[in-house]
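Have a look at the structure below before the remarks.
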Amino acid sequence: MKERLFTPLGMMVKPGTGELVVHDGSTESRWANPAFESGGGGLVSTVELMTSDQLTQKQKEQAHIFFEDHSGWGLGMGVNIRRNSLWSTPGRFGWDGGVGTSGYTDPAENMVGILMTQRMMQSPEPPRVFSDFWTTAYQALSN
């Protein structure tokens, strides 16, 4: 995180020394023991929990049109759990938006991809431009 995110963005740096500073550590965090539950704020989790499948089998069956047998839902995003295409690799997470956006992170490939078409989806199946984009992106990894 320090190397790839905080340092390049100049985040949480102590003035004068440039040393990175933890603003709200996990043990003394104000979010560790919230006064009341809040669905819109104060969510504290590990990235691992956020990006792993949290659905029960029954939930997947009820929402089969979205998850089929190769994906699930983490804490706020889709998660690939089985490969069903070139780009649908286990551990990849993100979401296809209904107004033509697609954004995913693939930790195994050290890759982030974002597509913004602003084309309204016509069905639960993403438009072909999505599969073309992701196929091209993953094919480029082998070159």
For Ser52, residues with placed amide H under 5 Å, excluding near neighbours: Leu75
Estimated translational D of segment 65-143 in µm²/s (Stokes, Kirkwood radius over Cα pairs; 20 °C; 1.002 mPa s): 167 µm²/s
Peptides 49-55, 124-130 ordered by average Cβ neighbours within 10 Å, highest first: 49-55, 124-130
Theoretical gain in end-to-end length, Thr27 to Glu61 [0.36 nm per residue, Cα-Cα removed]: 8.4 nm
Estimated vicinal HN-Hα couplings, Hz - segment 123-133 in sequence order (Karplus 6.51, -1.76, 1.60; Gly, Pro = x): 7, x, 7, x, x, 4, 4, 5, 5, 5, 4
Gain on full stretching of the segment that runs from Ala140 to Val47 - 0.36 nm per residue minus C-alpha separation: 30.8 nm
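The numbers here are math on the coordinates, done by the rules we state, and not lab data. Remember, it's a predicted structure, so these values are computed and weren't measured experimentally. Cβ coordinates were reconstructed from backbone atoms using ideal geometry, including for glycine residues, and neighbour counts include every protein chain displayed.
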